[in-house]
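Colleague: Sending over a structure as structure tokens; questions will come in a sec.
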Amino acid sequence: MPATLIYAIGFIAQGFFSARILVQWIMSERSHKVVSPNLYWICSLIGSILLFTYGWLRNDFSIILGQFISYYIYIWNLNIKGVWIKVPKVIRFCIFILPVLAFIFTIKNASAFANSFLQNKDIPLWLVIFGSLGQIIFTMRFVYQWYYSQRRQESILPVGFWIISLIGSGIIVSYGIIRLDPILILGQSVGFIAYIRNIIISRKSNKGVINPSSGHSVESL
């Protein structure tokens, strides 16, 4: 496959990830509360499918590894919202098995990825760890979102999700500044603003929720 087409798949994937943030932000502003729209999770899943395809075609184990956890959380959210069941079974099976197939086909590059990750002469080890920490935190926000929503059996984007997003994004932006990487900086810019707005909207909407046992407003991460 031509390299230009492979890169186009990667850029389109990032486009879906950016679109999900803008859609969620706009809908939350209109509702005056933080919402978890279907389109947010649909864009997330489509973007992730494209990114898995991109990583597969690029034979890039790190891209596939980084998407593995959040991919199934996207599916869980679509399932709890009743969207996943409307997808034909054959398509659901193909979507569900894609990360496993991609992982199997790129596992041979796992050792090479580990060596390049830990022995990159162009980047000091402390900076590699710092940047990776941001990516780990950024991924764990979806683990937190799943845990929070699972307890309530409802797809929710709680204020803690946005706080974790902001911390992870801040680390990634700092890493990008140190590395003089405009792609990382620009890629996080829109999200950075949206995370702050969602935190503000969450706090404002939570002030109106009264705990019946205490009479005080409820604010929960």
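Colleague: Just one of (1) at pLDDT 90 or above; (2) aliphatic (A, V, I, L, M); (3) farther than 18 Å from Phe161 by Cα; (4) buried (at least 20 other Cβ atoms within 10 Å of the Cβ) trips up Val34, so point out which.
Modeller: Failing condition for Val34: (3).
Colleague: Say we look at the range 148-159 and pick out the residues that are touching a Ser or Thr at 6+ places or on another chain (Cβ under 8 Å) and part of a helix (DSSP H, G or I); which of these is farthest from Trp76 (Cα to Cα)?
Modeller: Val159
Colleague: Determine which single condition Tyr175 fails, assuming it passes every other condition in (1) surrounded by fewer than 20 Cβ atoms within 10 Å (Cβ to Cβ); (2) modelled with pLDDT under 85; (3) aromatic (Phe, Trp, Tyr).
Modeller: Tyr175 satisfies all of (1) surrounded by fewer than 20 Cβ atoms within 10 Å (Cβ to Cβ); (2) modelled with pLDDT under 85; (3) aromatic (Phe, Trp, Tyr) except (1).
Colleague: In the set Gln135, Gln188, Gln145, which member is at pLDDT 95 or above and either in a helix (DSSP H, G or I) or polar (S, T, N, Q) (or both)?
Modeller: On the way: Gln135 fails: at pLDDT 95 or above; Gln188 fails: at pLDDT 95 or above.
The conditions single out Gln145.
The values are calculated or read from the model by the stated rules, or taken from the named source; none is laboratory data. Fair warning: this is a prediction, and the values are worked out from it, not measured in the lab. Glycine gets a Cβ as well: all are built from the backbone with ideal geometry, and neighbour counts include every protein chain shown.
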